[in-house]
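In what follows, a single structure is set out as structure tokens and then discussed.
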Amino acid sequence: MTKQTRMTFAVLGAAFLLGVPLLIESSRYGFVLRIAGIAGLYMLLALGLNLVIGFVGLLDLGFMAFYALGAYTAALLAMQGWPFWASTLAAMGVSALVRVAVGFPALRLRGDYLAMVTLGFGEVVRLVLNNWDSLTNGPKGLPPVDRAIPPASLFGFTFVTNLHYYYLILTCVVGAAWICHRLHHSRVGRAWIAIREDEIAAEMMGVEVTRQKVVAFGVSALFAGLAGSIFVHWERFVTPESFTFWESCLLVCAVVLGGMGSVPGMILGAACIVCVPEILRDALGAGFADARYLFFGLALVLMAIFRPQGLWPSRRRALELELKQTEEVSGE
């Protein structure tokens, strides 16, 4: 795909996303905008997780923990009167700091062992939020009955409706995608990809492997903190049940489905993960609502077999898989 073709797709996609609210039937307006907003939050999360899974090649099964930290940090500060921009920056900072603190010891591990550590940390965070009644109000969630989380407000404009938050999330997704694109083509991004391909060779070429892994961990958490803050100001309510291991699994599926290492693939993968089950819910009817996950899971299995590179793979990743398949054929 040429650069001109990619630019054309990008412009058409942006025009479609901007015009989505104009294409929705009035009877389903609020529902569709809400699903679109949730898909946008998942896009932010997938773009962040892609830095770790797609660029560095580390399996992370507890990314929702940092989404939760961002949400609860923003909620607690917003109830104290902090403005939206300040609580968002604080949420991003807390998520990144905790991520780096966990990353220093955890990144000495590799493969399945690292995945187990991240999975365990995700469950620890959820259980702490669920049981620390004095701070998080436990399973009842925030805010308590006598407090309130104010809606987001920027430059004197208050975000109230689903349409307002849709455009706020869309703006953040576009900015996050641009940042990921720039990172992908920077020296840091090339160092991450070198670590993914061969950690020992990268270290021999002068890449500070541990430092670069920690940087990737920290930067990815910034996306989670941002998404968490938007989520809690939009919902104006948060409970630990929003950040289960199942949500982390869906997020990993979005990264793999879209194409690991691909920035547009993350947007497409997250959109499929959120929107396709809802489309199947309508197609199958209320009596078969739970069966939509069966069809969705079958689709993921078929994708893994027939298109392992994902729906929209990065050019580098597609060439790597093609070269690997060629070597396997020649070896036979």
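The values are calculated or read from the model by the stated rules, or taken from the named source; none is laboratory data. Bear in mind the structure is a predicted one, so any value in this text is a computation, not a measurement. Note that we place each Cβ from the backbone using ideal geometry, even for glycine, and neighbour counts take in every protein chain shown. Remember, those area values only see protein heavy atoms, side chains included, never the ligands or the DNA or RNA. Shrake-Rupley method; radii C 1.70, N 1.55, O 1.52, S 1.80 Å.
Structure values in brief
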read-out: Members of segment 72-105 that are of a type in the set (Gly, Ala, Ser) and in contact with a helix residue (DSSP H, G or I) (Cβ under 9 Å, 6 or more places away or on another chain); value: Ala74, Ala75, Ala78, Ala86, Ser87, Ala90, Ala91, Gly93, Ser95, Ala96, Gly103
read-out: Residue that is more than 28 Å from Phe104 (Cα to Cα) and not β-branched (Val, Ile, Thr), where the choices are Leu251, Leu300, Leu226; value: Leu300
read-out: Restricting segment 113-127 to residues that are farther than 14 Å from Ala68 by Cα and open to solvent by 70 Å² or more (accessible area, probe 1.4 Å), the residue that is modelled with the highest pLDDT; value: Met116
read-out: Residue in segment 44-65 that is open to solvent by 10 Å² or more (accessible area, probe 1.4 Å), modelled with pLDDT of 95 or more and under 18 Å from Thr88 (Cα atoms) present; value: no
read-out: Check on Pro313, open to solvent by 40 Å² or more (accessible area, probe 1.4 Å), at pLDDT below 85 and outside any helix (DSSP H, G or I); value: no
read-out: Where Asn130 falls short, out of the listed (1) open to solvent by 40 Å² or more (accessible area, probe 1.4 Å); (2) of a type outside the set (Phe, Trp, Tyr); (3) closer than 30 Å to Leu58 by Cβ; value: (1)
read-out: Hits in segment 202-231 - residues which are assigned to a helix (DSSP H, G or I) and more than 16 Å from the chain's Cα centre (by Cα); value: Ala202, Glu203, Met204, Val209, Thr210, Arg211, Gln212, Lys213, Val214, Val215
read-out: Residue, farthest from Ile169 (Cα to Cα), within segment 204-223, restricted to residues that are open to solvent by 30 Å² or more (accessible area, probe 1.4 Å) and of a type in the set (S, T, N, Q); value: Thr210
read-out: Condition met for Ile195 (assigned to a helix (DSSP H, G or I) and farther than 20 Å from Leu222 by Cα); value: yes
read-out: Extreme residue, most open to solvent (accessible area, probe 1.4 Å), among residues of segment 144-162 that are at pLDDT below 90 and closer than 24 Å to Leu127 by Cβ; value: Val145
read-out: Selected residue (only one of Leu257, Leu280, Leu226 is open to solvent by 30 Å² or more (accessible area, probe 1.4 Å) and more than 25 Å from Ser95 (Cα to Cα)); value: Leu280
read-out: Members of segment 239-251 found to be more than 14 Å from Val125 (Cα to Cα) and open to solvent by less than 20 Å² (accessible area, probe 1.4 Å), listed by number; value: Leu251
